[in-house]
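Have a look at the structure below before the remarks.
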Amino acid sequence: MAEKKTIDPAVLEILDKAEADGVSTAFDRAETTKPCPIGHAGLCCKNCFMGPCRLTGKTTVGVCGATIETVAARNLAREIAGGAAAHSDHGRDMAHTLIAAAQGEAPDYKIKDEKKLRVVARYLDVETEGRTKEEVAVDVGKKALADIGRQEGEIYNVKRAPQKRQEIWHKAGITPRGCDREIVETLHRTHVGNDQDAEHILDHALRTCLGDGWGGSMLATDISDILFGTPAPVAARSNFGILSEDEVNVVVHGHEPTLSEMIVIAASDPELIEYAKSKGAKGINLTGICCTANEILMRQGIPVVGNFLSQELAIVTGVIDAMIVDIQCIMQGIQAASEFYHTKIITTSPKAHITGATRIEFDEHHALDIAKQIIRTAIDNFPNRKKEKVHIPDFVDHLVAGFSHEYIAYMQGGMYRESFRPLNDNIMNGRIRGAAGVVGCNNPRVTHDDPHLYVVKELIKNDVLVVTTGCNAIACAKQGLLTPEVMEYAGPGLREVCQTIGVPPVLHMGSCVDNSRILTVLAQCATEGGLGEDISDLPVAGFAPEWMSEKALSIGAYFVASGVTTWMGVGSPVAGSEEVTKIITEGWMEKVGAAYYFEPDPEKAVREALAHIDAKRKALKLEEYSPTRYAKSATYLPGDYLSAEEFEKGSYTRAAVS
Ligand code: SF4
Ligand code: MSK
């Protein structure tokens, strides 16, 4: 269990209130519910009812004879398939909405980004010449659905990867067909008495996660951009202080933008604002948690309350009149927490309900009407607030979000000369040492937000450009790391480049499915010239310092399968098998040019990642990175590693919060 619960003082403050109010949170339950050490190490199999078989002590095979390696590999493959299923089902829903919108059956949705529609149409082999945007959109939606369910051949977006990467996938036999097929095949292969060779099982796990990253997730992102607009930088606020004592507070939580975009419109409807006033409120305050928050933050500038571990805590403020949830990362604990206050939990997805919650099922054919009904329900609940139970921690942080692939290209050359040349050049000349994607969840098994912020700060100090998504992005937002002021943390080479372009050294690229944006950025860097020919040639690294979900495992695995060596924090789900650990590190390095590490110590992970970045620079025969060329820079040099306390500053730090 983590020594400290969190490094966020706002979270600490509200945890005290939760304790005083007698509300159980995930932080408490993580203390009382210890992880099963056998399952934690990947050594529990319950794939048939001769078991469950726990491979521990003298028991080294299951009743069927399955070995430790087989069990650990099967468990990891199933977890990756679970994550891939969540993302690709999200992509499927977006495709259905696009078709309905283009056919006029979902009149509240419009095609906002026609340019992106036509670009995506080309990837999906949809004819665009002389056709209306609606005609193109229907075909894009249908092709996307067919691609997710594709049985033979390979998914369309494979061709968006560098040629060399495609060859690596072909040679390894892991080019994905459709993500549905790969996910189903994972379940089949891991059924009792089927695929029983660890490497063979994990080859298919690679194929499955690629179907997520370059398939389901990439389609979800593309279609979201077509419907709601491709993100561009937007200023916004974060943390508990954005909640309002005298307005109706509505929190959206989950992942899909289809409902939340409608909620944004409904919350600014003059009639509903008047209705809120008639109930004694000053207005309607819309906010978000997790990735639904990231979706409407990036496009609409809607403020964010917090990340995954703040969902129950938002309710403990006593001012949330409705928490509207759709899919993924929604703790059942929010319903129990809501019963201490007046908060209504409103479930909306046909795929997700919580016992005891209010249900208003969403249907995109009547999207705005349903969104208004939900907002009205929140307003009606406002008079039920109990004043004596209200407390809002006074913390507000400012941020800039919305760095899509398209905007990153635009900011490096403008409308007519957009490119990745400046970024590549600055990596080549050593101003920027390398780049890293730092993403993923919170996990109460480690100090909330501490590994996230440690990794990000350490990387930018060492002149590594960071791109972020998901709950890491929100952690960064709450620490002010997504603002130009953060330059004080950045090494001088990186700082100079960011100041010239006018961006922070930590770029918020979106939600969980938007990790696919990182893949397309990497593909462009690899093909721009000067940094090799493949993603695995680039001086880059991946991190998920506080991962917890199956989606995070799929994301981490598709980073690796795409050529990005990745460090997951917290602990390893295959720790019980040395052979499986070897397969996903040394074996995958040989097979796909990148390794999948699970390293609970964030300092060690950063050290290893910087050494990896330097090795990639050397292999490319680039200028050796020098931390003193542009001024005093890096905190890390091999054998000369400074402690976190020596460079930490800011409103709250690892050292200052106990
Ligand atoms: Fe045990 Fe084999 Fe059944 Fe797994 S599949 S529960 S190892 S008997
Ligand atoms: S919400 S998957 S806790 S990042 Fe996308 Fe956060 Fe992880 Fe969910």
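Each residue in the stretch 454-488 was checked for being over 20 Å from the mean Cα position of the chain (by Cα) and either without any contact (Cβ under 8 Å) to a residue 24 or more places away in the chain or surrounded by fewer than 24 Cβ atoms within 10 Å (Cβ to Cβ) (or both), and 6 of them qualify. List every residue pair whose Cβ atoms sit under 6 Å apart, with the two residues 6 or more apart in sequence or on different chains, where the first one lies in the stretch 555-582 and is of a type in the set (S, T, N, Q) and the second, anywhere, is part of a loop (DSSP other than H, G, I, E, B). Listed by first residue and then by second, the contacts come to Thr565/Ala594; Thr565/Ala595; Thr581/Val574. Quick check on Arg417: is it over 19 Å from the mean Cα position of the chain (by Cα) and either of a type outside the set (Asp, Glu) or closer than 24 Å to Glu599 by Cα (or both)? Taking the combined requirement at face value, the residue satisfies it. Mind listing just one residue for me: the one in the stretch 475-486 that is part of a helix (DSSP H, G or I), hydrophobic (A, V, I, L, M, F, W, C) and under 14 Å from Ile7 (Cβ atoms) and, of those, nearest to ligand 2 (Cβ to nearest atom)? So the residue we want is Ala475. In the stretch 212-225, the residues that are within 16 Å of Arg181 (Cα to Cα) reach residues that are acidic (Asp, Glu) and surrounded by fewer than 24 Cβ atoms within 10 Å (Cβ to Cβ) with C-beta atoms within less than 8 angstrom, at least six apart or across chains, in these pairs: Gly216/Asp89. Taking the conditions exactly as written (within 16 Å of ligand 2 (Cβ to nearest atom) and either over 18 Å from the mean Cα position of the chain (by Cα) or surrounded by fewer than 24 Cβ atoms within 10 Å (Cβ to Cβ) (or both)), does Ser549 satisfy them or not? So Ser549 passes the test. Restricting the stretch 170-216 to residues that are aliphatic (A, V, I, L, M) and within 16 Å of ligand 1 (Cβ to nearest atom), the residue that is nearest to Ile148 (Cα to Cα) is Leu187. Within the option set Leu494, Leu459, Leu522, Leu423, being more than 16 Å from ligand 1 (Cβ to nearest atom), assigned by TED's automatic domain parsing to the domain that holds Ala611, assigned to a helix (DSSP H, G or I) and touching an Asp or Glu at 6+ places or on another chain (Cβ under 6 Å) holds for one residue only, Leu494. Residues that are basic (Lys, Arg) number at least 2 in the following helices (runs of 4 or more DSSP H) confined to the stretch 137-229: 163-172, 179-189.
Listed here are the residues, each with its yes/no results for (1) polar (S, T, N, Q); (2) more than 12 Å from ligand 1 (Cβ to nearest atom).
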{"site": "Gly51", "(1), (2)": "no, no"}
{"site": "Thr56", "(1), (2)": "yes, yes"}
{"site": "Thr59", "(1), (2)": "yes, no"}
{"site": "Gly65", "(1), (2)": "no, no"}
{"site": "Ile68", "(1), (2)": "no, no"}
{"site": "Gly83", "(1), (2)": "no, yes"}
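Based on what the data block shows, is Gly437 assigned to a strand (DSSP E or B), of a type outside the set (Asp, Glu) and within 24 Å of Val304 (Cα to Cα)? Yes.
Checking each residue in the stretch 24-38 for being hydroxyl-bearing (Ser, Thr, Tyr) and assigned to a loop (DSSP other than H, G, I, E, B) picks out Ser24, Thr25, Thr33.
Of everything in the stretch 96-135 that is among the small types (Gly, Ala, Ser) and in a loop (DSSP other than H, G, I, E, B), the residue that is nearest to the chain's Cα centre (by Cα) is Ala106. I'm trying to understand the selection: among the residues of the stretch 236-256, which are over 17 Å from Gly280 (Cα atoms), of a type outside the set (Val, Ile, Thr) and at pLDDT 95 or above? Selection gives Ala236, Arg237, Ser238, Asn239, Phe240, Gly241, His253, Gly254, His255.
If you go through the stretch 380-391 one residue at a time, do you hit one that is under 20 Å from the mean Cα position of the chain (by Cα), hydrophobic (A, V, I, L, M, F, W, C), more than 16 Å from ligand 1 (Cβ to nearest atom) and under 25 Å from Leu15 (Cα atoms)?
No.
The condition of being charged (D, E, K, R) and buried (at least 23 other Cβ atoms within 10 Å of the Cβ) holds for only one of Arg74, Arg78, Arg92, that being Arg74.
Ala20 fulfils the conditions (1) under 24 Å from Leu309 (Cα atoms); (2) touching a Pro at 6+ places or on another chain (Cβ under 7 Å) except for a single criterion, (2).
Please verify whether Thr258 is within 26 Å of Glu546 (Cβ to Cβ) and either of a type in the set (S, T, N, Q) or surrounded by fewer than 24 Cβ atoms within 10 Å (Cβ to Cβ) (or both), treating the condition exactly as stated.
no
Report, ordered by the first and then the second residue, all pairs with beta carbons closer than 9 Å, sequence separation of six or more or different chains, a first member in the stretch 55-66 that is in contact (Cβ under 8 Å) with a residue 12 or more places away in the chain, and a second member that is within 16 Å of ligand 2 (Cβ to nearest atom) and hydrophobic (A, V, I, L, M, F, W, C). Close Cβ pairs (under 9 Å, with a partner that is within 16 Å of ligand 2 (Cβ to nearest atom) and hydrophobic (A, V, I, L, M, F, W, C)) do not exist here.
The values are calculated or read from the model by the stated rules, or taken from the named source; none is laboratory data. It should be emphasised that the depicted structure is a prediction, and the values quoted were computed from it without experimental measurement. In this analysis, Cβ positions are derived from the backbone assuming ideal geometry, glycine residues included, and neighbour counts consider all displayed protein chains.
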